Amino acid sequence: MLSITTKNLKNFSILGRGFGWAVVILILAVGLTWWLSPAASQIPALGQGATSGQAIPPGVQRLGLLEITGINLDGKELFKIASPAVLDRSNPGAQVPVEVRAQQIEGNLKQLVSQGSSTSPNSPSSPALDPKTLQVYFDILNGQPVLFVKDTHLAEPKVLLTVTDADAQYHGVSKKELAKQWQEILDTELKAALERRQPEALRQQTLGTLAFLAIALVSTLGFGSLLKVLERRRHTLRQQQEAGAETETNSITLAAESAPPEEQQRFPIIEKIRQRLSLQRRLQIINLLRWLVFWAIVFLWVFGISASLYRFPQTRKFAIGFISTPTLILIAWFITGLANHLLNLIIDRIALAWEEQELTAVEDIQRKSLRISTITNVTKGLKTVLIYVVGITWVLQILQIASTSVLAFGAVLALAVSFAAQSLVKDFVNGFLILLEDQYAIGDKILVNQVLGVVEDLNLRMTQIRTDAGNLVTIPNSQILQVENTSRNWSRADFRIEVAYETDVDQALDIVRKVSEELASDPEWQPFILDPQEMLGVEAISHSGMVIRIWVRTAPRKDSSVSRELRRRLKKAFDHNHVKIGVPQQLLDGRLIGQLQPLTVTIPN
């Protein structure tokens, strides 16, 4: 029983994580809704600041000497009203701010529809209105059109609102014409609001909400099963990728150290790399599908909860508040994330084509693969930053937050950080150029800042070199001004040996030539020698003897090994042919007396 429970938990772990993220996002969305409401009131829109410096309330727009806001019923805006601008809301005097007037009108409408609700007590003090008999009309009182509502259950008509000169001025029509328009709107919307509050309508709304929640739950389980399948596939591809990477590395090492770079050995290695890149591309597609399924679950519940809240007139305003700002943020997040994933696939596709063109020689596979992957990762990072900056700016503009000020602050902050980390920026720039220009790579033997050794680690920040003494030297990339790469594509064994002055020069050159050719023909050393005698001749003649110099082109970083083996074989060949090495000589009275001997002094007893 315990194993079955554990198995079930594992089966639903992916679904649980996806649903957990959805819940977290929903909680953040609700929090952002509550936070942005007062926050937005503290950030006036451009050109809407009050003369006194006070912020205009949210939802109020100022146009010249008029302030405009909307009249809402059940979360739907019916029309806009206008009032003269109030410059100092702390002391309005006889003026009525437009938001106060809107609250009074909406209060009248809410009182009417609440009387038609099934939950209102059916008493003379709170009669239930009938949407079939309710009527909205207007009459002229003191030269102002006034809208009334009457019903068989009302003892007398109730006042809804008065059409003012400011309303007519804003809408550009006469007050009487505007009153007719508002009469038709209010008559239709009040009857619809009353009908939505009838017992039968509430019953249908409840059944529809329960049905949708059941469908959403079943769909979530289906998406969870799909996530489970994709997770298994991703795990399999990762195992294949890790196994393929290890095999590929071993193959490259064996090919580079144990065999010549011929076509029959090159193509299998490149084919393994292509298989690895194919696995990587399939893995990225699987990750994209998992990401899309996750967002499908998120949007399913976000829009589902919003739609469920919108079905009930009592909760419609919460649905609109829930779906406006949080959904906008979620959509922006989804669009930027989708663009980021798609651009990752495009960049990887370009990198794949680039790598297929570049990886043409066994000795270049490791360095070019590292170079291409590093440049690809840097490009992806820069692309991700740009995409999310654009997405955040877009959201700020839609929310009417001063994105210009935010960006200006970010620019100033970035400038301050850049001054504080100039060397770090230089390291990154120089490191990127090193990789882009392929100046050196991991495994190359280079000379930098009087440090000679093998590159053990390389990134955008620094280069680490292991010297012959075993010391690990770390050099920031910004301090690398000149590089001597002794193992780029191939190396050279610059071999010099000094023979005695009286040696037959042709015989000595012939011995060196034969020994180098025999070394190049040896199956053990053949893969490491590209040219056994690139240059051969007498380099210098001195009192010590003759210096014979030979260049042997070798595989990268094999020059030292070849030089040591060549010295060993030349020693044996010189001994066999009685060729002596050069020694210091001296002349006495014009005669050559041979090697200098230590001075011996005899002291008599």
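The values are calculated or read from the model by the stated rules, or taken from the named source; none is laboratory data. Computed from a predicted structure; not experimentally measured. Counting neighbours? That spans all protein chains shown, and the Cβs are built from the backbone with ideal geometry, glycine included. SASA here: full protein model, heavy atoms, side chains in, ligands and nucleic acids out. Shrake-Rupley method; radii C 1.70, N 1.55, O 1.52, S 1.80 Å.
Structure values in brief
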{"read-out": "Pairwise FRET efficiency - Leu292 versus Gln533, Cβ, R0 = 56 Å, nearest 0.05", "value": "0.35"}
{"read-out": "Anisotropy class of region 175-247 from Cα gyration tensor, a/c 1.5 cut", "value": "oblate"}
{"read-out": "Percent carbon-and-sulfur accessible area, region 405-514, ignoring ligands, DNA and RNA, probe 1.4 Å", "value": "58 percent"}
{"read-out": "Reachable lysines from Lys572, criterion Cα separation under 16 angstrom, eight or more residues apart if same chain", "value": "Lys514, Lys580"}
{"read-out": "Global form of region 121-222, assessed from the alpha-carbon gyration tensor, a/c cut-off 1.5", "value": "oblate"}
{"read-out": "Accessible area in the full protein assembly, largest first, 1.4 Å probe, for Asp531, Asp167", "value": "Asp531, Asp167"}
{"read-out": "Listed pairs Lys445/Lys558; Lys110/Lys158; Lys150/Lys191; Lys76/Lys132 exceeding 18 Å between Cα atoms", "value": "Lys76/Lys132"}
{"read-out": "Amide proton proximity set for Leu160, modelled H, under 5 Å, gap of 5+", "value": "Leu147, Phe148, Val149"}
{"read-out": "List Trp394, Trp301, Trp295, ordered by accessible area with a 1.4 Å probe, largest first", "value": "Trp394, Trp301, Trp295"}
{"read-out": "Residue order for Arg567, Arg282 - accessible surface, 1.4 angstrom probe, largest first", "value": "Arg567, Arg282"}
{"read-out": "Anisotropy class of region 469-554 from Cα gyration tensor, a/c 1.5 cut", "value": "oblate"}
